[in-house]
Every structure is written in structure tokens, then in C-alpha cells.
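Chemist: My structure is below; once you've seen it, I'll send some questions.
None of the figures in this text is laboratory data; all of them are computed from the coordinates on show. Small disclaimer: the values here were computed from a predicted structure and weren't measured. As a convention, Cβ positions derive from the backbone with ideal geometry for all residues, glycine included, and neighbour counts pool all protein chains shown.
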């Protein structure tokens, strides 16, 4: 809508700006020429007033053309890909048209008044009449305003109820779509529920019905309603995934929740698209719609100021198909193996008795992970029986994630793969320069427990060396 | 405690005030009246005009401070992942920018107008309680000092001279960094350092100043009007002052309590907002916004009052629908208390509360719209003169309208779920605050500065000021609507590339510097006026209200003889109206004009607050004996007030020349 | 505090209510919001967490009823003091003011004793939300009472200096009376909403 250029946004933006400047330059030259060169003095008045309006108009046009600058970006609310975001976007457009109409109407009258009744030089006519007011006009205008507000109010109320109440959708119940058989007792008739827990400055995503936990990158199925329980352990955060839903805050001590859904249900989609053909064909078309338009990697961010690194508390949501979701859940449960296909039992047998046997960057990295760098104190890696930390994000299958440090360091290619090289660099940066990447975070400094506080035998500060950071990074890259 | 019978003074005939000698107060101390020292004169003044000038000068100073903070913010956001300032410094910048602009710039600038104009507009000699007025001013200064001294502590910390201990050990933020509304639990001692203490105490002290001033103005407006100045004959600006003052006295207690509860949580171990003991962080939000929403009307109503004076003056027509404009101001004030939770739409209020606040917020658009219609109605059929005040007032109507429109868009809670806490909100409130309040206040300065200093504006720089400011405002904040809609959250120190935010941010930064340049031009214009302006005369604009009958600058006693009013737009009727609508004057009773005496005690009492503020903060930082410093401050305050009461109001008489009408 | 420019000379000024009285009414209006917020906070937290603390283990209805009665009586004496001043009877005024001060001090003493007892029994500022809201609210009230007592003491001594003109000072005494009555009414509300309500 409204001058959205879906092509390369920045390019269009720059062209738009250039167009504005050219237009202003040319038109002012033309008007000047008409005014002075052709000596059209007697219409000086005409030009004087209209000249000013002209500047006004062109600047407004310029601003409007700015809207051609990329409105289709990663977190754009204009690209609503779920019923909640759609309802909210619809309301945005209703209010937008109402206020644009008001702006033109009221602004227009203001402009006319200012031009029509401006003082002319040498005007000796008597002073204007003492108009003190006109109750009829007032009441009419008040009535008109109220009417416009009703136009906004009615859909607002509807949308408040819609976006708030959990939808009753049999197809979203776990038993209807979840491919696994490990749903918790009594939860089969419920929709998928994720506990979103906010920390300074990362996100934990727990799936209590499925018995798993992950961090910073949420995985949800397409076309199904999902309930999010929003909790915080420290300060207020806010979960904002713009293309799926407007934000709701995570307030400590308060049981906020919201429902989200990526993509429409089959019924809703059919309503919108009116497909033809057999039921199976329709279902196929629906699946294609989900795959083409909804399966994607979405961007989100914390939207309530939560302290020093609030700006760096991003998150991601991968919307996937049911099977992929089921596979992911079972992968998380299985967790990560010890390096080189060893069993954890064997690995720890070596680690305890003869760690020097475990050579190579990967083993060395894991040894540091469990030992000097104390990663396991705060982080858990499913499968690893001694990495059970809960203070920090769960790192199971960390290397599959497309970002680190809560979405701040990214390594996703255009076509949705992990950029291995960039990933390595990000790991190094995150471990080596933690405080720089995320000032104030607990991984670096936590009353003696952070990697920025590592000490040697004499109690002197002894941070991880470049070699050590390299090895840990190599190890972490194996957490696929 | 007070009495008027002690003021038997020697007064010299025929207005030669320099011969008057200061006298002793009831306490036996010399009153600082008729001081030869300019500094003593201004420090102890009780003259509403001088107080107004001081408020104005301080407000402009802090406007510059807040503006610099804004420029630093915008410079940091010029490009993605910029490292101009650290995250902590950035958080301090936006916190201080908001707090400074609201409490130290716009509110005091409005106060400057209240102080200078209200007694003149109602035909009074001063406010009801002149020393209380002085107290408000110096308390405001104390609050400003408490807030900004934090920068010194941060600098000291950076230099290694100061490290907080006690409950604030390990925290490195000395300057407030919790945002201007400092949500719990981020404002708790566990998450922020002494910066929050400076913020709490600074705001608390500023609240005292505002409350005292508001009570003073309500009593003044209700009780001190000249004979014949009925309520419905008062200028609209005075009405807006009255409504704003009521808003202050009913809204500030909420934040006073919130701040007090927070102070107790941080310093005395209470659990108002401590989740582990059952405290509810959302209580802070409710209390803050019960104050916070009326606060924004406190910021805009005076501006609307100013514009309601200027538009009629330069349309040569009375205000269209005076009664409705006054009434809608009152309705806005009243409804302003009913909509606070629209700042909390994303906190999970529940459907019913969300719906209620959504509808009430929409409702408040109606009286606001009424005012805009009436302003346009004033222009319609008039004779519009494009003087400096008029240009800014017209700019106000246009820009405030745009801000109001984005406000209507926010009122729909589901739409707001996307807009809240994003740059869309920032666009909205800057349009209403800069495009609204600031433009109107600038218009007011253009209008009334000739009255204050007696000098007229020089040249046509004001046209450039207007153009650059309006362009700067729009270039900075219009793109922010889009920024918000494409997902950029607010209060972010930096952002990643690739989200489509880069170009917009760049444009906004350029706009910000343009806006700053416009303000610079404005300050230059003020300087030129005050230094080189031609004498303005009593009524350089051919205006409508009573203050324009006085001399420029206004004599210390305002009116030589108390005017008797017979109509609204008293001066206009006097100049151009029927015979029976002219202003007449009360007969003199021979005693001369009674003037209130000046006093040191309001200043002394206010200074106590500085000790309280810094004492409590340093106590939190573990510095020894600081609790006693705070108690000392309270004692200074108490003693100051007691002596103030005991010294008696004093007073002296002036006999101005008979032929001077003003 | 200070008199106005020409309030006493000029009958034309429409003093609906005397300046100082109006100021006090406005201050009390603001103070209403102040106490209203504190009391609401207390009640909200009581409703949210009724089991957070059981105040009946420490409350002594007898003591608090007694102190409430004392405060009510002090208000009565204050009314008498105001009336005395209106009639110009300085001696009667002084007697009644001493009475108010005395009763006010007894009230404060009861509060101090009560609080000391609570703290001894383990109810402090930090005891869940109950202790926080209770002490801050009643403490704020106590500070208001103390300020009132200080004010009245000053007024008592001032009445001995001979500078107190009966007609002018009637307003000042009335203003002090307004403040004192307000403080009393707030206590009645606190007593009801905080103490009595626990016994229902």
C-alpha cells in the first residue's frame, strides 16, 4: 500500500530523494523565470502566496516519497504474516485513513483561512466583525469527530478481544498436528505452549509440554496457534516479533501471556483465497502457501528498556513445518554427542584420568568448556551429563543457530544456511570480547564467575588466550 | 503569625524609590529591600516579573543542555553499530534528555509565562504569596542542581576520584539511566546505582516547587482579580494556567508517593516493588502514569493558552468560542486523569481495562479537536498578520495537529501493540512537544519579550528561525513514524545494519542538527532584541489583553491604579469598544501602592533541599555521615520556613507619578 | 504565611475565601491524593496477598482505639481554640492549644510505642509488602501530626509575644485548625481501612 517499493529499498529511496531535489530545483527556477524575466509583476501577489504553498507542497511530497524507502524490511509491521499482526495492521490502516482525511480536511481549511484572510497592505476597510462563536458549528464539528472516533472504536474493540483470547482451534491442538509421541500427560488437547523467560539480556524458551528448553531462537510450527507464557527473572522486558504479533511485556511477578500464530489456518486461508479443486488439492495449495510465505526466519527484539544492553537483546523465530518441528524436538532431546562419536561416559573417563589423551582443537575446546573456562557452570548442553548450568542459555545444537548473543552476532546466509566462517568469527568475538559485544553481561563479569574474571593459581587475572578462544570456538562449532 | 499592622514605613512622595531605606523585620534582621547590589536584589526578589525572567533564563539554559544531550543521541545513532559513546552513557543521555526537557525546560518555561503574565492579565500587583513564589523558583533550582550534579560524580568516577560503596557498590552509573519514567524493577538498588537516587530526589524536589507554585497561582487567580475581572472575562492564558495548576496539585502526589516508595525500597528495605517479597512492579507504572498523563497536559495546556492569545491578536478578531475553548481545556484536564493506562497497553491489563482506556483516550481527542476548530474559526473572517508570534502559532496549530493524529493512532490498543516502545511513539510525542509546546512557547517569547525588556525584535530573522525549526522538526521526526513501523524499538544504544533502519536514522540525525541550528538562530534573535532592539512601547502589537496597557518594561508595581474591568478582551474594548466598556480606575486612598518586602528565607529554605538530595544519594553510596547531612538539609528547610513565617510580610509603599497611567 | 498586597485594605477584591485559607484547602486537596495513594497501595496489596502477614497477631485494638479517641478529642479542642480566637479570648485560646498539643503528643507516643512493639514482634519495614505499606503510610501520617504539633507550639509561644492581633490571627488559627482536622480525618480513614478492616 501507499508507495511501497518492494525492490531494493535503499536504491529506490535514493532515487526518490534525488527526484525531489530535482523537482524543487527545476520548479523554483521556472517560477523565478516567470516572475522576473518575463516581468509578470502584476501577478506578484499570485506568485508570492503560491510560491510559499509550493515550497510546502514539495517538502510534503519529499516526505511522502521517503515512505518509498524500504518498508518491507526484516521487522516491518507492514508485512503481517499472522492473524494477530494482521488484525493489528488492519486497525493501523483504519486509523491512518481517518487521520489522513482529517489532516487534509482540517489542514486544508487552515491553509485556506490563512491565505484568504491575510492582511493586505494598505487595507483601510473596517475591522472584521466580532464573531464570538457559532454553537451550531461547534456541535456539528464535535458530532463529526465523535462519528470518526466510532469508526475507529468498533473495530478496535473487536480486535482487542480477538488478539487477547486464546483461539479455539482444533487443528492447533497438539494431538492434531504434533508428530512425536512425547507430549506431557494431559496436554494433548492444548495448543503448543512456550514459556518465554526474559533475562538481562537473553531469552530462554521452554517447551514444558515437550520437556525441552532452548534459547534466543524460537522454533514454532506454521499455521498453528501457540501460547506464550511471558515471564521475567529480573526486570521488565517485552517480546516483539512484529510480523507475527504486537508486543506484550514480560513483567517479573506477573503472569502475562499472549497467543501468536505464524500464517493462517487452512480455513482462514481458504476464506481469503477461495481455492478451487479437490480437497486434497486445496490442502496441497495451503501447504505450499505455508512453505513459500510463512516458513521463514523471523526477527524480533526486546522492546522495553531493560538496562545497559537492552539494544542488544534480540531474538529470532524460525517457523517450520510440523515434521521439521517434531524432528527438532527429538534432536534437542537427544542432545549433542561427545566429540568424534565417543560416548560421554568414555569421554569423561578419559577426561578424569588421562585428559592428555584427548587432543585436537575439538577435544581441547571441550576440556576448556568443562574446565578452565567454566562454561558448564552456567550453560547446559543436552546429552553432556556434566553440562547442566541453568544461569545462562541452553547451548544444545548451538551451531545450528544463525546468531549468537541473543541475535546480535549473525551468521546466516541469504539462502538460509549457516555461514561457517562468519560463525567462527562470531564465536571468537563473543568469547574474547564479551564485554564489548554486550556491555554489562554476566558471562563476562559475575562476582568472580565470569570469563572476564578468570584467575590463575596465584590469584592473578588470567583471561582466556587467543589459542584457548580458538579451541572453544572450534568445539562449539561442532554442536550441530 | 502574620500581621499587617507592623508596616508603618516612611515613604517618600512622588515615586523616588531609590531613597527608600530597608527596614527591620519582626525578627530584628534587616530586610534585603532596596538593595544596591544587583545580585542581592535578584536573589531575594519576590517580584513575579523578576521571578518569571529567572525561570525563563534557566529554562532556556536547560533547553540547550537537553538539546545537546539529544544531539549526542542522534550522533550516536547516525550509523549502525556506532561507538561514539558507550551503552551506559547513551542510556544516561536519553534519560537526562527526557527528564531535562520535561522538568527543567518546558515546565519552567511555562512557569516563566505564568509568573510574568498572570498577575498582569488579571490586573493584580503580584501573586497571592510572593515569598512562596520565590521559594518555588529556588526549589526548582535546587532540584535542577541535584539532577545535574550527577554528571560531576560520573566525571569524578571516570577520573578515579570517586567509587560508590555501600548498597551501590559495583554499580558504575552515577547519572540517572533508567529512562525518564524509570520503571521498576530496573530502578531498584539491585539494578541501578546512585544515578537513580539523584533522579528520585531531584524529581521529588522539583515536585515540591511545582506544587507550591500551583497553589499560589490558584489562589491568585481566584482571589486577586481586579474588580470587574470576572472569571469568564479572564484571558484564556490565565484560564489555562488555572487548569494546569489544578492538574499539578492533583497529579503530582501520585509521583511523589511513587518516588517516596522507591526511595524507601532503595534505602530502607521496603518491598513496594520488590518481586521476591510480593511487590508488584506494575504498581510503579500505574502510579507514575497517573501522574505522567496529566503531566503531558500540564505541558501542552499553557502552550494552548499562549496560542489562544496570539491568534486573536493577529487576526484582529476575538477568540472563536471563548467559553467552549475554556470548557474544553477543563474537560481535557479532567479526562486527562482517566486515560493513564494507555501508556500500559502492552502490560497485559486484560480486555476490559484495555478497552476502557482505549475508548477514553479516543474521547479525549474531541475537546482537543474542538480547540483546533476554534483556533481556525478565529482566523476565519479575520485579518491575519504574519508577525513572528503569529507564524509560530500557525506552525503550532499545524504541527500539533500532526502529533495529535499519531496520538489517535495510538489510542487503538491493538494498533498500539505494534507502535508502543518503538520510534513511532517518539515521533508522536516529539511532534506534540516540540511542534506543540515548544513552538507555542517560542511564539509566546516573540509576543511578550518586548513587554518584558521593552525592546522590539530586530529584523526578520524570525522567519528563518521558523523555517529552519519547522524543517528540522519534520526532517527529524517524520521518518521516525516509519522507523517505528518497520520495527525499530526505542531507547536502543545502537542497531544492526540490514533492518532497513540505516537511511532513516541518518536523515533523522541530519534533521536534529538542523533543528539545533534553528534554535541557535532563535537565541541569536533574542540576543539581538535585548541588546539592540528599538524601544517597544506599551502595545507594539495592538493587542487585546490587559498586560499590554502597562509600560514596557513593566513597572515594579504593575498598575499605578487598580483597573476596573468591564469586558472580556479588556484592552481591545478600551481602545476600540463602546464608551461603557472602557477601563476605569479605582480612586487612590492616599496610602500609595503597597509592595511586598524581599526576603532571604525562601532561598535559604530551598537550599536545604540540596543537602537532602546529595546527602541521601551519598548515603546510598556508603559515604559516612551522609544521612546526617540529609537531616541537616531538612532542618535548614524547616528553620528557613519557620523564620520566614516569623519575619512577617513587611512591605513598603510607593507613590508613582500621578500622570503615569501604568 | 505572608499577607497579600492589599487584601485588608481593599473590599473590592472578591475574596471568596481568604487567601491563606484557600491555600490550605488546595494543599489539603493535594494531600488527599497523597494519602489516598498510600492507603490504596496498602489496600491493593492486602487484597492481592491476604496471607502475606497476619496483623492480628500484633494489632492491639484497645491501644489504637484509645489513640484514635485521643486524636479526636484533640480535634475537638482545636475547634474550641479556633472559636476562642474568633471571640478574641486569647487565654482560652492558649489553654485549648496546649490541650491539642498535649493530646497530639500522647497520640504520637502511642504510635511510637505501638511501632516499637511491632518491630519487636518482627513486623518491620521489610516484612513483605504489609510492613512496607503499613509503616510508610502511618509513618507519613505521624510526620504530619508532628509537623502540626510543632506548628501549634510555635503558635502558642507566639501568642505570648503580644504580636498576635486577634482579628488578623483568627484566620491563621483557622488555617492551622483546618490542617489539624484534616490530619485527624485521615487517621479515621486509616484506622478504618487498615485496622478495623482486619477484624471483619
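Chemist: Using alpha-carbon positions, what is the distance between the centroids of segment B:499-576 and segment C:37-90, in Å?
Modeler: 51 Å
Chemist: I've got another one for you. Mind checking the full-extension length gain between residue A:278 and residue A:137? Use 0.36 nm per residue of separation minus the Cα-Cα distance, one decimal, nm.
Modeler: Here the answer is 44.8 nm.
Chemist: Is segment C:51-153 rounded, prolate or oblate when judged by the Cα gyration tensor, a ≥ b ≥ c being the square roots of its eigenvalues, rounded requiring a/c under 1.5 and prolate requiring a/b larger than b/c?
Modeler: Prolate, because a/c is 1.5 or more and a/b exceeds b/c.
Chemist: Sticking with this one: To make sure I understand, if each residue's beta carbon is the centre and we count other beta carbons within 10 Å, what order do B:101, B:54 fall in, fewest to most?
Modeler: B:54, B:101
Chemist: Just check the protein assembly as shown against the gyration tensor rule for me: Cα atoms, a ≥ b ≥ c as the square roots of the eigenvalues, rounded for a/c under 1.5, and otherwise prolate or oblate depending on whether a/b exceeds b/c.
Modeler: oblate
Chemist: Please give the FRET efficiency for residue C:166 paired with residue A:127, using the beta carbon to beta carbon distance and R0 = 51 Å, rounded to the nearest 0.05.
Modeler: 0.35
Chemist: Just to confirm my numbers, what's the Cα centroid distance between segment A:454-480 and segment B:382-444 in Å?
Modeler: Using only Cα atoms, the two centres lie 54 Å from each other.
Chemist: Need one word for segment A:259-336: rounded, prolate or oblate. Basis is the Cα gyration tensor (sqrt eigenvalues a ≥ b ≥ c); a/c below 1.5 gives rounded, then a/b vs b/c decides.
Modeler: Oblate, since a/c reaches 1.5 and b/c is not below a/b.
Chemist: Taking the Cα of residue A:291, stepping 7 Å toward and past its beta carbon, and measuring to each backbone N in segment A:416-433: which are under 18 Å?
Modeler: Only A:416-417 pass the distance filter.
Chemist: Take every DSSP beta bridge whose two residues both sit in the protein assembly as shown, then give the antiparallel share in percent to the nearest 5.
Modeler: Beta bridges within the protein assembly as shown, antiparallel portion: roughly 75 percent.
Chemist: Residues of segment C:48-82 with backbone nitrogen within less than 20 Å of a virtual label 7 Å along the Cα-to-Cβ line of residue C:113, please, listed as ranges.
Modeler: C:56-75
Chemist: Between residue B:463 and residue A:327, with labels modelled 7 Å along Cα→Cβ, what's the label distance in nm to one decimal, could you check?
Modeler: Simple spin-label model gives 7.1 nm for this pair.
Chemist: Work out how far the C-alpha atoms of chain B reach from end to end along every principal axis, then list the three figures in whole Å, largest first.
Modeler: For chain B, the Cα extents along the three principal axes come out at 74, 63, 49 Å.
Chemist: Here is a further query. As a footprinting exposure proxy, order C:165, B:421, A:123 by other Cβ within 10 Å, with the fewest listed first.
Modeler: Ordered by Cβ neighbours within 10 Å, fewest first: A:123, C:165, B:421.
Chemist: Starting from 0.36 nm per residue, how many nanometres of slack lie between residue A:271 and residue A:158 once their C-alpha separation is accounted for?
Modeler: Length gained between residue A:271 and residue A:158: 38.8 nm.
Chemist: Using alpha carbons only, how many angstrom separate the centre of segment B:179-217 from the centre of segment B:579-650?
Modeler: With segment B:179-217 and segment B:579-650 each reduced to a Cα centre, they are spaced 21 Å.
Chemist: May I pose another question? Helix B:439-453 sits at what angle to the longest principal axis of chain B, using alpha carbons and giving 0 to 90 degrees rounded to 10?
Modeler: Taking the Cα atoms of chain B, the angle to B:439-453 is about 30 degrees.
Chemist: Quick one: length gained pulling residue B:169 to residue B:542 fully straight, 0.36 nm per residue minus the C-alpha distance?
Modeler: Between residue B:169 and residue B:542, full extension yields an extra 128.0 nm.
Chemist: FRET efficiency for residue B:561 and residue B:41, Cβ-Cβ distance as r, R0 = 22 Å, nearest 0.05?
Modeler: FRET efficiency, residue B:561 to residue B:41: 0.30.
Chemist: Run through the DSSP bridge list for segment A:174-330 and note the antiparallel percent, rounded to the nearest 5.
Modeler: Expressed as a percentage, antiparallel bridges in segment A:174-330 total about 70.
Chemist: Could you tell me how many degrees, from 0 to 90 and to the nearest 10, lie between the Cα long axis of helix C:61-87 and the main elongation axis, the longest principal axis, of the Cα atoms of chain C?
Modeler: 10 degrees
Chemist: Let me ask another. If each of residue A:257 and residue B:151 carries a label point 7 Å out from its Cα toward its Cβ, how far apart are those two points in nm?
Modeler: My value for the distance between the label points is 4.9 nm.
Chemist: How far apart, in nm, are the 7 Å Cα→Cβ label points at residue C:98 and residue B:510?
Modeler: According to this spin-label approximation, the distance is 8.2 nm.
Chemist: Ok, one more. Nearest 500 deg cm²/dmol is fine: what mean residue ellipticity at 222 nm does the protein assembly as shown get from its DSSP H runs of n ≥ 4 alone, each adding -39,500 (n - 2.57), divided by its residue count?
Modeler: Rounded to the nearest 500, it is -18500 deg cm²/dmol.
Chemist: Take the Cβ-Cβ distance between residue C:87 and residue B:27 as r, set R0 to 35 Å, and report the resulting FRET efficiency rounded to the nearest 0.05.
Modeler: 0.75
Chemist: What angle do you read, to the nearest 10 degrees and between 0 and 90, between the alpha-carbon axis of helix B:107-122 and the longest principal axis of chain B?
Modeler: So the inclination is approximately 20 degrees.
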